[in-house]
Amino acid sequence: MLGKRILVVDDNVDAAEAVAMLLESEGHEVHTAHTGRAAVAETLRWSPEAVLLDIGLPDLDGFEVAREIVALALVPPPQLIALSGHGSASDVEEARVAGFDQHLLKPAEPDVLFALFEAHAPG
């Protein structure tokens, strides 16, 4: 598998860096952001192929960030993966409505992440 451009968004800097290091070890190019506004700006600037996005952010929540990223209408659109500590049916549904492709509970198994990135076909 060729490496992908992946944006990791989490307000917990240590968690974001740990996930970034894991993804980089698999050959991906990774940037990080720690606020919702920074995530939207970095998506617009860098056009990642995938965004791994925490829901609980200090400024915009992950649902709003997803809606803003979808509204950018990038071609191809990035794969949006929610990574959250909240996994109720209503959380999963809200993520789907906001534009997420997948909703994972923290901590996500590395093999699950890798499989999602490998299986995703842009567009």
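If I filter the range 93-108 down to residues being acidic (Asp, Glu) and over 10 Å from the mean Cα position of the chain (by Cα), which single residue comes out as farthest from Ala39 (Cα to Cα)? Among those residues, the one meeting the criterion is Glu93. In summary, Ser90 fulfils each of the numbered conditions (1) within 14 Å of the chain's Cα centre (by Cα); (2) surrounded by fewer than 17 Cβ atoms within 10 Å (Cβ to Cβ); (3) of a type in the set (Gly, Ala, Ser) with the single exception of condition (1).
In this structure, does Leu52 turn out to be in contact (Cβ under 8 Å) with a residue 24 or more places away in the chain, touching a helix residue (DSSP H, G or I) at 6+ places or on another chain (Cβ under 6 Å), surrounded by 13 or more Cβ atoms within 10 Å (Cβ to Cβ) and not small (Gly, Ala, Ser)?
no
Against the conditions (1) farther than 21 Å from Val13 by Cα; (2) touching a strand residue (DSSP E or B) at 6+ places or on another chain (Cβ under 8 Å), where does Leu104 fall short? Just the number, please. If we test Leu104 against (1) farther than 21 Å from Val13 by Cα; (2) touching a strand residue (DSSP E or B) at 6+ places or on another chain (Cβ under 8 Å), just (1) comes out false.
In this structure, Thr35 does satisfy being within 15 Å of Val9 (Cβ to Cβ), surrounded by fewer than 19 Cβ atoms within 10 Å (Cβ to Cβ), modelled with pLDDT of 95 or more and among the β-branched types (Val, Ile, Thr).
Working only within the range 2-23, note down all residues that are touching a Leu at 6+ places or on another chain (Cβ under 6 Å), assigned to a strand (DSSP E or B) and closer than 20 Å to Asp61 by Cβ. Walk me through it before giving the result.
Filtering the range 2-23 for residues touching a Leu at 6+ places or on another chain (Cβ under 6 Å) gives 6, 8-9, 11.
Then keep just the ones that are assigned to a strand (DSSP E or B); that gives 6, 8-9.
Correct list: Val8, Val9.
Remark: pairs (first residue in the range 98-112, within 16 Å of Ala18 (Cβ to Cβ); second residue crowded, with 17+ Cβ neighbours inside 10 Å and among the small types (Gly, Ala, Ser); Cβ separation under 7 Å; 6+ apart in sequence or on different chains) = Leu104/Ala82; Lys106/Ser84. Applying a threshold of 6 Å to beta carbon distances and a minimum spacing of six or more residues, or different chains, the list of pairs starting in the range 9-36 at a residue that is closer than 15 Å to Leu83 by Cβ and ending at one that is of a type in the set (D, E, K, R) and in a helix (DSSP H, G or I) reads Val30/Glu24; Ala33/Glu42.
The values are calculated or read from the model by the stated rules, or taken from the named source; none is laboratory data. Every value quoted in this text rests on a predicted model; they were computed, and no experiment measured them. Note that each Cβ is placed from the backbone with ideal geometry, even for glycine, and that neighbours are counted across all protein chains shown.
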